[in-house]
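As structure tokens, the structure follows; a few thoughts come after it.
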Amino acid sequence: MERADRCLMATSPTYLDHNASAPLLPEARDAIVATLALTGNPSSVHGHGRALRAVIDKARTSVAKLAGATREQVVFTGSATEAITQAIVGGAKALGVGGIVVSAGDHTAALKAAEATGLPVTTVGLDRDGQIEVDEIAAAMQRADILGHRLLVAVHLVNNETGVIQPVDRIEVLVGASPHYLFVDAVQAFGKLDLEFQSRAPDMMAVSAHKIGGPAGIGALLVKGHADEVRLIPGGGQETGRRGGTEAAALIAGFGTAAEIFPERLHAAGVDALIGMAETGLRRMAPDMVIFGEHAPRIGNVGNFAVPGLKNAVAMMGLDLKGISISSGSACSSGKVGPSHVLKAMGVPAELGDCALRLSVGWNSTEADIAAFLDGFGEVLQRHRERRNNRAA
Ligand code: PLP
């Protein structure tokens, strides 16, 4: 069989990896296609330019509304990774901070950006349930107060691997009442929890289109007025000087449409019940299964679990052959299954971490998807037990 044919066979009819990237909503695709038919540069003052500017303005309103932000606070970027880098690298410079605080469970985009500032970085831990150790942030702030410098505290609201909802409300009380700055990576919370950016303490937040049924390659940094000088790409002055480069109007249009309809679609899919169904089914098959973050508040669309002894690479391969796509955690750019820095920070032993699988559902997920997954996983588990018994015999 040709390699291409084998790849086609593996094309998944059951997609359970929405946290890596949600399928594009048909309405978002239509908005992208309609905008691609337009000609010109949104910065041009003529009619063609104005038509594109109107598309961007409409999308800005929709993204701002979903984020509880004002239109002026939305800066479109090329991805959430870029927005995070702008907040941390650009923020470190523009806000004149003396150090960065990140959490050990932050996305690699934030961890690498903190490193790239060249400033001292304090990494605060996660507890066994995957929640940020808020006391460690308080201690870092106290040390900075003694040294007389300001910190940029960068945390995430919902963990992409475990779905654990972080105690950002407590962090907001702590940082909001201090001279330090707060950045929140809200990528996995956007469209699922109310961000209320305008009325809450964070100075900056990052969101992404492709986690809410919009296209990949477009994100946004939400910025309060006092942090308006935070820049990464000054360029040609687009986004009121806050992000240079001709705006990707078609992607922005898709983002705006997704922001308008995603929450309702997600709600209609009943994702909490689907994850509940999956976890109940798994526990029935494997009572020794571990659910990471089980005792912390979790977002309803994701479950991260391990059956001790069943390696995630083996399980994923077995499921992939049946056309079922799930993940071991965060999508890795190399395509390899690597150890999870999040589970490690939670104190999960490496051997158990190697068995971790993440199931994430979304706007087009159904009970049939979960049933197919449970069937497929049952077979994988059965083969694993047979192999183990043969080895023991
Ligand atoms: N932050 C979190 C929590 C994420 O889950 C992701 C994507 O996996 C990102 C940031 C990066 O988003 P983007 O793919 O838009 O760069």
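The values are calculated or read from the model by the stated rules, or taken from the named source; none is laboratory data. These numbers were taken from a predicted model, which means no experiment stands behind them. Ideal geometry is used to build each Cβ from the backbone, glycine not excepted, and the neighbour counts take in all protein chains shown. For the accessible areas, the whole protein counts, side chains as well, though only heavy atoms, and no ligand, DNA or RNA atoms are used. Shrake-Rupley method; radii C 1.70, N 1.55, O 1.52, S 1.80 Å.
A few points about this structure:
- 3J(HN,Hα) along segment 96-102: x, 7, x, x, 10, 10, 10 Hz, from the Karplus curve 6.51 cos²θ - 1.76 cosθ + 1.60 with θ = phi - 60°, whole Hz, x for Gly and Pro.
- Mean Cβ count within 10 Å, highest first, over the residues of peptides 259-270, 202-213: 202-213, 259-270
- Solvent exposure of the chain as accessible area per residue, Å², 1.4 Å probe: 43 Å²
- Anchor Lys112: aspartates and glutamates whose Cα lies under 19 Å away (excluding residues fewer than 8 positions away in-chain): Glu82, Glu161, Asp185
- Nearest-20 debye value, segment 165-306 charge dipole, Cβ charges on Lys, Arg, Asp, Glu: 200 debye
- Segment 33-137, accessible surface, carbon-and-sulfur percent (1.4 angstrom probe): 56 percent
- Label separation (Ala273 vs His149): 5.3 nm, computed from points 7 Å beyond Cα along the C-beta direction.
- Other-chain or far-sequence residues with amide H under 5 Å of Arg298's (modelled H): Ile165
- The chain - convex hull of alpha carbons, volume per residue in Å³: 146 Å³
- Note on Lys192: lysines with a C-alpha under 18 Å away, same-chain residues under 8 apart excluded, are Lys65, Lys211.
- For segment 106-231, the dipole from Cβ point charges (+1 on Lys and Arg, -1 on Asp and Glu) about the Cα centre works out to 280 debye, to the nearest 20.
- For Gly99, distant residues with modelled amide H under 5 Å away: Leu152
- For the chain, the longest principal axis of the alpha carbon atoms and the long axis of helix 47-67 meet at an angle near 60°.
- Derived scalar couplings ³J(HN,Hα) [segment 381-387; Karplus, 6.51 cos²θ - 1.76 cosθ + 1.60; whole Hz; x for Gly, Pro]: 5, 4, 4, 4, 5, 5, 4
- Placing +1 on the Cβ of every Lys and Arg and -1 on the Cβ of every Asp and Glu, with no other charges, gives the chain a dipole of roughly 600 debye about its Cα centre.
- To the nearest 10, the accessible area of Lys58 is 120 Å² with a 1.4 Å probe.
- Taking θ as phi - 60° and the Karplus parameters 6.51, -1.76 and 1.60, the scalar couplings of segment 206-216 work out to 10, 9, 9, 6, 7, 8, 10, x, x, x, 6 Hz in sequence order, x denoting glycine and proline.
- Tensor-based shape of segment 1-150 (alpha-carbon gyration tensor, a/c under 1.5 rounded, otherwise prolate or oblate): oblate
- Cα-based helix-to-principal-axis angle, 249-269 vs the chain, degrees rounded to 10: 50 degrees
- Where Arg200, Arg391 fall by accessible area, highest first, once all protein chains stay in place (1.4 Å): Arg391, Arg200
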